[in-house]
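Notes follow once the structure below has been shown.
The values are calculated or read from the model by the stated rules, or taken from the named source; none is laboratory data. Keep in mind it's a predicted model, so treat the numbers as computed, not measured. Here the Cβ positions follow ideal geometry from the backbone for every residue, glycine too, while neighbour counts run over all protein chains shown. Protein only, heavy atoms only, side chains kept; ligands, DNA and RNA dropped before computing areas. Shrake-Rupley method; radii C 1.70, N 1.55, O 1.52, S 1.80 Å.
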Amino acid sequence: MMTIVIDYEAGNLRSVETALRFLQTDFAVTADPTVVAAADRVILPGVGDAGAAMTTLRERGMPEALGTALSRGVPVLGICLGSQIILDRSEEAEDSCLGFIPGEAVRFQCDLKVPHMGWNTIQVERDHPLFQGLQQGSSFYFVHSYYPRPAQPLHCLGTCEYGQTFAAVVGRDNLVATQFHPEKSGEAGLRMLRAFLDWRP
Amino acid sequence: MYQKRIIVCLDVRDGQVTKGIRFKGNVDIGDPVELARRYYETGVDELVFYDITASAEGRGVMLSVVEAVAEQIFIPFSVGGGISTVQQMRDVLLAGAEKISLNSQAVRNPEIIADGAARFGRQCIVLGMDALADPVMPSGYRVVINGGRTPTDRDALAWAIEAVERGAGEIVLNSIDADGTRDGYECRLTRMISEAVSVPVVASGGAGTPDHLEQVFQEGRADAALVASMVHYGDYTVPQIKDHLSRCGIPVRLQYR
């Protein structure tokens, strides 16, 4: 079973790679859409700008490839920006996003500092295999100015508080995504990545 | 619940962690990778590595340190010291760092902040600022560069605001007057900067007891606090600091296993 990490030149590839290596799982990083379409398991990482990310993904034919992987039923994990661009659109991008989950990514409108940078706890809203082994009170590392707002409450799997309640984990079917960075969230994050690698939807 | 971050600062010189007082008289503390792992295992929230010599040779040493740290420590860490080009930022990020800290180079060439933010995102670009109390300056603090050696004509408050406008996503604010003294943070300076900018401010310089962190979070309105001497010399551990803060009602990350 090979996990494919999508390379679209959006930041934190290296940290996802080192976490996967630490977890001793077979993985490959690719910019080739045919590899993504045929993958057993896919990770869509990302930090940076949603508009720029969508442009690069489109140039590489990734929206279709990801769509194919999803329709084949393989587990797909979005991380950070990867939890926002799977929605229909983002306030940060002019063009539409991937549209795998109905909704949009919106910017924080609160008195607190933006980006929301640092450790925060999450509240599980719906049980999911990703939360296997999650301990009460665990914190995760966030760095973001926008957050996912799924149109249907059913697609919000976990929430977080930062001036307001927002969706920190979203998903449907074989797609799941975290606004935080599990690969940078210490032991709790490594456990969550392990749970994703063990997930058989 | 959103938690205040405790960040350990590792000043690296010739591949060894060192610590001085007011930027002088440095003594060796140990191997940076070993220290980083020890702090990671005891629940530190983030690490900062400063290449304080930042010579061409030192940079090579630093990249191998960054790679070794990234392989086994799964929390964010930033790297600073002598970084002056987008290519150097890319090298450090590819080696596994989350963030780049720009200090003297940002003062000499402020464009580098915007260049880095455009290429890697604001969240990657940290302004490191060393400030010295100076009543002549409008805010009462002057920006000093080159590891505390060269005073500039920049005002600390004005520079913080400008750097954020240019694209800095975080400020690590170091008080030269307090650095290494273990007498407490410069809360007045920290609060002034923290209230003036929209991005997180990390207080640095002067931490000696857990009470000092409580003060800088409460009075200084810091979003995170950097510690060095008080943990490097074994006076306190990260869990002791966090337990104290938690008892004072300041939310911190207690569960890290």
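Amide H contacts under 5 Å for A:Arg149: A:Glu104, A:Ala105, A:Val106, restricted to partners 5 or more places along the chain or on a different chain, H placed in the peptide plane at 1.01 Å from N.
Taking amide H as placed 1.01 Å from N in the peptide plane, B:Val172 has its amide H under 5 Å from the amide H of B:Leu127, B:Gly128, B:Met129, B:Val202, each at least 5 places away in sequence or on another chain. Along the stretch A:146-156 the Karplus relation, 6.51 cos²θ - 1.76 cosθ + 1.60 evaluated at θ = phi - 60°, assigns HN-Hα couplings of 10, 9, x, 10, x, 5, 10, x, 4, 8, 8 Hz to successive residues, with x for each Gly and Pro. Here the label points at A:Asp26 and A:Ala38, each 7 Å from Cα along the C-beta direction, are separated by 1.4 nm in the simple model.
Applying 1/(1 + (r/R0)^6) with r as the Cβ-Cβ distance of B:Val136 and B:Glu195 and R0 = 22 angstrom yields a FRET efficiency of 0.45.
For the pair A and B, the buried accessible area comes to roughly 2700 Å² in total, with a 1.4 Å probe and the value rounded to the nearest 100. Here the 3J(HN,Hα) profile of the stretch A:169-175, calculated from phi with Karplus coefficients 6.51, -1.76 and 1.60 at θ = phi - 60°, is 9, 10, x, 7, 6, 9, 10 Hz, Gly and Pro shown as x. Each Lys and Arg contributes +1 and each Asp and Glu -1, all at the Cβ; summed about the Cα centre of the protein assembly as shown, the dipole is approximately 480 debye.
Among B:Ala133, B:Ala207, B:Ala222, the residue with the largest mean-square fluctuation in a Gaussian network model of chain B, with springs joining Cα atoms closer than 10 Å, is B:Ala133. Atom-type composition of the exposed protein surface of chain A places 45 percent of the accessible area on carbon and sulfur (1.4 angstrom probe). For chain A, set up a Gaussian network in which alpha carbons nearer than 10 Å are linked by springs, and say which option among A:Arg89, A:Arg191, A:Arg126 fluctuates the most. Maximum among the listed residues: A:Arg126.
Comparing mean-square fluctuations of A:Met62, A:Met54, A:Met117 from a GNM of chain A with C-alpha springs under 10 Å, the top value falls on A:Met117.
With a probe of 1.4 Å, find how much accessible area the stretch B:1-89 has per residue, and write the answer as a whole number in Å².
Details: 3300 Å² over 89 residues.
In whole numbers, the stretch B:1-89 has 37 Å² accessible per residue.
At a probe radius of 1.4 angstrom, the accessible area of the stretch A:3-198 per residue rounds to 36 square angstrom. Stretching the chain fully between A:Arg194 and A:Asp127 yields a gain of 22.5 nm (0.36 nm per residue, less the alpha carbon separation).
Each part gets one Cα centre, and for the stretch A:98-144 versus the stretch B:193-214 those centres are 25 Å apart. A simple spin-label model places the labels of B:Asp183 and A:Leu112 3.6 nm from each other, with each point 7 Å out along Cα-to-Cβ.
Between B:Gly167 and any residue 5 or more places off or on another chain, the built amide H atoms are never under 5 Å apart. Each residue of the stretch A:102-119 is assigned a 3J(HN,Hα), and the resulting list reads x, x, 8, 9, 10, 7, 4, 10, 8, 7, 6, 6, 10, x, 6, 10, x, 9 Hz, derived from the Karplus form 6.51 cos²θ - 1.76 cosθ + 1.60 (θ = phi - 60°), x at Gly and Pro.
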